[in-house]
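K.L.:
There's a structure below that I have some questions on.
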Amino acid sequence: MSEFQPLFDQLYDAIKAHQTIVIIPHARPDGDCLGSAIGLRDILRTSFPDKAVYATGEETGYLKFLGSLDTIEDEVFKDALVIAVDTANQERLADTRHTLGKMLVKIDHHINIDSYGDIEIVNTNAPAAAQIIMNFYQSHEEQLTMTETGALALFTGILTDTGRFKYDGVTGETFLAVAKLYDLGLDTKPVYDALEVMSEELIRFKGYVLLNYQKTDHGVAFIKITEDLCKEYHVTTEEASSLVNELSRFEDSPIWVLFNEYEEQIVRARIRSKGPNISLTANQFNGGGHAKASGANLGTWDVAEELLKALDDVARTYKADQK
Ligand SMILES: [Mn+2]
């Protein structure tokens, strides 16, 4: 029996006990948070047709194939069970009415820095929140069911957060979850079609990234993306940020960073690693995440330079240790 079984039982009881359930992913959505939210919504709607089940939040172009989110009034939250997915801290939730419900559940795979749920199912070993949703499904397989829509959404969550099954954290459990999704009628074609397609603007912008990246002394590869640049190439900040792993291929670069500006020129960094733990550095720069994939909120470009210095030092130490 999994150590999470008692928590899954509590979640199941909470679902049974509530007539209205609202699922909330994080802001600036990715495949895992939307896949988890839409997948869980499908499971609950299909298994409990008498309940009112909603998923709120923000949609994003390349993930529209998952289905749309619900727009709900404040009153809907009254007496509702609210389930936040894939979101470490409350400020990041795409709908901050999460406290309006009767009970709040947190399902996440990031380090539990902000303990905000009445029930918290936080498994930092899971490579995707969607895998935890599947673990819950599998823990109550007799009582739960889902359609192809749910299978597609959960597969997308697992696929994107594991970098297509490449990242740390992928285990046999991941593939057992995916095997179950295939058994439930998963059709992967729409997922690969949607994820592989790129606008011409973004392809041109990818060319810009590959021609204009820079490297620090010890091989931290980075690219700085300004709002003006996004305007010039007609790409959104989110689209531009999706190119972060274009800088992953350099043999001598254990760390790579994509910087970009959000509204009012707030600079953020996406930091990735194929060796050293970069989450500790991200923590020092008002950010965090996973050992090999973190984000940081920098504010200004001056702080971006400081982050690069700190990461260059991490790369230097890492390379020295490798020798
Ligand atoms: Mn995730």
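The values are calculated or read from the model by the stated rules, or taken from the named source; none is laboratory data. Worth saying up front: this structure is predicted, and the values here are computed from it rather than measured. Neighbour counts run over all protein chains shown; Cβ positions are idealised from the backbone, glycine included. Heavy atoms of the whole protein, side chains included, go into the accessibility calculation; ligands, DNA and RNA do not. Shrake-Rupley method; radii C 1.70, N 1.55, O 1.52, S 1.80 Å.
K.L.:
Positive end of the dipole of the chain, charges at C-beta (+1 Lys, Arg; -1 Asp, Glu), about the Cα centre: which of 197, 60, 280 has its Cα farthest in that direction?
P.N.:
Comparing the listed Cα positions along the dipole, 280 ranks first.
K.L.:
Then there's this: Amide H to amide H, which residues 5 or more places from residue 55 or on other chains are under 5 Å from it, using H placed in the peptide plane?
P.N.:
Under 5 Å from the amide H of residue 55: 23, 70.
K.L.:
Further question: Can you send over the carbon and sulfur percentage of the accessible area for segment 5-107, probe radius 1.4 Å, protein chains only?
P.N.:
Numbers: 1830 of 4000 Å².
So the carbon and sulfur contribution to the accessible surface is 46 percent.
K.L.:
Separate question: So, with +1 on the Cβ of K and R and -1 on the Cβ of D and E, and no other charges, what is the size of the charge dipole of the chain about its Cα centre, to the nearest 20 debye? The partial results should precede the final answer.
P.N.:
On the way: 30 positive and 51 negative charges, 155 e Å.
Taking the Cα centre of the chain as origin, the dipole is about 740 debye.
K.L.:
How much area per residue is accessible in segment 200-322 when the probe is 1.4 Å and only protein heavy atoms are counted (Å²)? Numbers along the way, then the final one.
P.N.:
On the way: 6320 Å² over 123 residues.
Computed with neighbouring chains in place, this is 51 Å² per residue.
K.L.:
With 26 Å as the limit, write out which pairs from 64/106; 64/224; 51/102; 16/166; 224/319 have Cα-Cα distances beyond it, or answer none.
P.N.:
Checking Cα-Cα distances, 64/224; 16/166 exceed 26 Å.
K.L.:
Taking segment 131-227, which GluC sites (Glu not before Pro) meet the DSSP loop condition and have no more than 11 other C-beta atoms within 10 Å?
P.N.:
Numbers: sites: 141, 142, 148, 173, 196, 200, 201, 227; in loops: 141, 142.
Hits after loop and neighbour filter: 141, 142.
K.L.:
Same structure again: Rounded to the nearest 20 Debye, what is the dipole magnitude of segment 5-195 about its Cα centre when Lys and Arg each give +1 and Asp and Glu each give -1 at the C-beta? Working shown, then result.
P.N.:
Numbers: 15 positive and 29 negative charges, 40 e Å.
Dipole size: approximately 200 debye.
K.L.:
Ignoring ligands, DNA and RNA, what accessible area per residue does segment 5-195 give at 1.4 Å, in Å²?
P.N.:
Working: 7770 Å² over 191 residues.
Dividing the accessible area of segment 5-195 by its residue count gives 41 Å².
K.L.:
Follow-up question, since we're still on this one. Using only helices, what value at 222 nm comes out for the chain when you add -39,500 (n - 2.57) per DSSP H run of length 4 or more and divide by the total residues, to the nearest 500 deg cm²/dmol?
P.N.:
On the way: 11 runs with 128 residues, N = 323.
Mean residue ellipticity at 222 nm (helix-derived): -12000 deg cm²/dmol.
K.L.:
Pop out the ³J(HN,Hα) list for segment 191-201 in order, Karplus 6.51 cos²θ - 1.76 cosθ + 1.60 with θ = phi - 60°, rounded to Hz; leave Gly and Pro as x.
P.N.:
Here the 3J(HN,Hα) series is 5, 5, 4, 5, 7, 8, 6, 9, 5, 4, 4 Hz.
K.L.:
Over the Cα atoms, compute the radius of gyration (one decimal) and Dmax (the largest Cα-Cα distance, rounded to a whole number) for the chain, in Å.
P.N.:
Rg and Dmax of the chain, Cα atoms, are 20.0, 62 Å.
K.L.:
With each label point set 7 Å from Cα along the Cα-Cβ vector, what nm distance links residue 228 and residue 73?
P.N.:
4.8
K.L.:
How fast does segment 118-163 diffuse by Stokes-Einstein, in µm²/s, taking the Kirkwood radius from C-alpha pairs at 20 °C and 1.002 mPa s?
P.N.:
189
K.L.:
Counting only residues 5 or more places away or on other chains, whose amide H sits under 5 Å from the amide H of residue 267 once H atoms are built in the peptide plane?
P.N.:
Placed amide hydrogens put 262, 298, 299, 300 under 5 Å from residue 267.
K.L.:
Starting from the amide H of residue 122, placed 1.01 Å from N in the peptide plane, find each other amide H under 5 Å away whose residue is 5 or more places distant or on another chain.
P.N.:
Excluding prolines and chain starts, which carry no amide H, the hits are 108.
K.L.:
Sorted by accessible area with a 1.4 angstrom probe, largest first, how do 110, 26, 234, 218 fall?
P.N.:
Numbers: 110 35, 26 5, 234 140, 218 60 Å².
From most exposed to least exposed: 234, 218, 110, 26.
K.L.:
Okay, moving on. Within the accessible area of segment 200-322, what % is carbon and sulfur when the probe is 1.4 Å and the other protein chains stay in place?
P.N.:
Taking all protein chains in place, segment 200-322 shows 46 percent carbon and sulfur surface.
K.L.:
Another question about this same structure. Averaging sequence separations of C-alpha pairs under 8 Å and six or more residues apart, then dividing by the length of segment 5-195, give the relative contact order as a whole percent. Don't jump to the answer; show the numbers that get you there.
P.N.:
Numbers: 388 pairs, mean separation 47.6, N = 191.
This gives 25 percent for segment 5-195.
K.L.:
Another question, then. Once the piece of chain linking residue 188 and residue 316 is laid out straight, how much longer is it, given 0.36 nm per residue of separation minus the C-alpha distance between them?
P.N.:
On the way: separation 128, 0.36 × 128 = 46.08 nm, distance 4.11 nm.
Full extension from residue 188 to residue 316 adds 42.0 nm.
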